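Contents: one structure, followed by commentary.
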Amino acid sequence: MKLFIDSADVNEIREAQEMGVLDGVTTNPSLVAKTGRSFDECAREIVEMVDGPVSLEVVATDCDGMVREAEQLVNYGPNVVVKIPLIRDGLKATKTLSERGIKVNNTLCFSPMQALLSAKAGSSYISPFVGRLDDISHDGMEVVAQIIEIYANYVFETEVLVASVRNPLHLVAAATMGADVATVPFNVIGRLLKHPLTEIGLKRFLDDWKNVPEG
Ligand code: E4P
């Protein structure tokens, strides 16, 4: 499973990258706003820093506007994926852009049928938001399982990108189901590696090592 970071903060992205397991980045307007920097500054730096796919989101809500914005966004670099919301005009824009060879990540997916339409329109990625579904007592990972099954039935090439991840258990479920990608906030990436028994075990090894005679 590919691991993306869900962030527009270049310091977080750099730190995750240094761990050696980062495959790409997803951003959204809220994440950019959180940095307090301009979109242009964030986009430029992220695209330059990361080799893998970087999702940058449009803010237009009409098809022509989305297509125009997408054509600007891809100028940031060859690894840009345009993030388009799953509304009617978004679907039309997805079809137009994918036919022109521009990669699209359809965002704000909350149902298997939205995911089916996205794949039919030619998206490269579908982003089901599992945490936000869990928040309203709807099992987010169940929706992911349904999408994976539907895509396998019809051999769609759209990659399933599990988004709105809130904890390591979302990732265990995603990897077990065979999701293609998970995009993970920085604080959750840190928690993936941490295990108290690893820390206790390492301390014991190092303490015992002090008792090994030299020579
Ligand atoms: C996906 O690409 C989105 O940026 C993201 O995962 C949204 O997650 P949230 O529900 O934590 O805002």
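The values are calculated or read from the model by the stated rules, or taken from the named source; none is laboratory data. This one's a predicted model, so the numbers in the text were calculated from it and none came from an experiment. Because the Cβ atoms are built from the backbone with ideal geometry, glycine has one as well, and the counts that use them run over all protein chains shown. When the accessible area is computed, the model is the full protein with side chains, heavy atoms only, and any ligands, DNA or RNA have been set aside. Shrake-Rupley method; radii C 1.70, N 1.55, O 1.52, S 1.80 Å.
A few comments on the model shown:
- Reported count of residues in the stretch 2-50, each being in a loop (DSSP other than H, G, I, E, B) and open to solvent by less than 20 Å² (accessible area, probe 1.4 Å), is 4.
- A residue that is among the β-branched types (Val, Ile, Thr), out of contact with any Gly (no Cβ under 6 Å at 6 or more places or on another chain) and farther than 23 Å from Asp6 by Cβ can be found somewhere in the stretch 136-153.
- Residues of the stretch 51-69 that are out of contact with any Ser or Thr (no Cβ under 8 Å at 6 or more places or on another chain), within 16 Å of the ligand (Cβ to nearest atom) and open to solvent by less than 10 Å² (accessible area, probe 1.4 Å): Val58 alone.
- Within the stretch 124-139, considering residues that are under 17 Å from Val82 (Cα atoms) and open to solvent by less than 10 Å² (accessible area, probe 1.4 Å), the one nearest to the ligand (Cβ to nearest atom): Ser127
- Just so you know, in the stretch 146-170 the residues that are open to solvent by less than 10 Å² (accessible area, probe 1.4 Å) and within 15 Å of Gly24 (Cβ to Cβ) include one that is nearest to the ligand (Cβ to nearest atom), and it is Ala163.
- Lys194 being open to solvent by 90 Å² or more (accessible area, probe 1.4 Å), at pLDDT 95 or above and more than 13 Å from the ligand (Cβ to nearest atom): no
- Counted residues, the stretch 14-45 - those being touching a strand residue (DSSP E or B) at 6+ places or on another chain (Cβ under 9 Å), within 13 Å of the ligand (Cβ to nearest atom) and of a type in the set (A, V, I, L, M): 3
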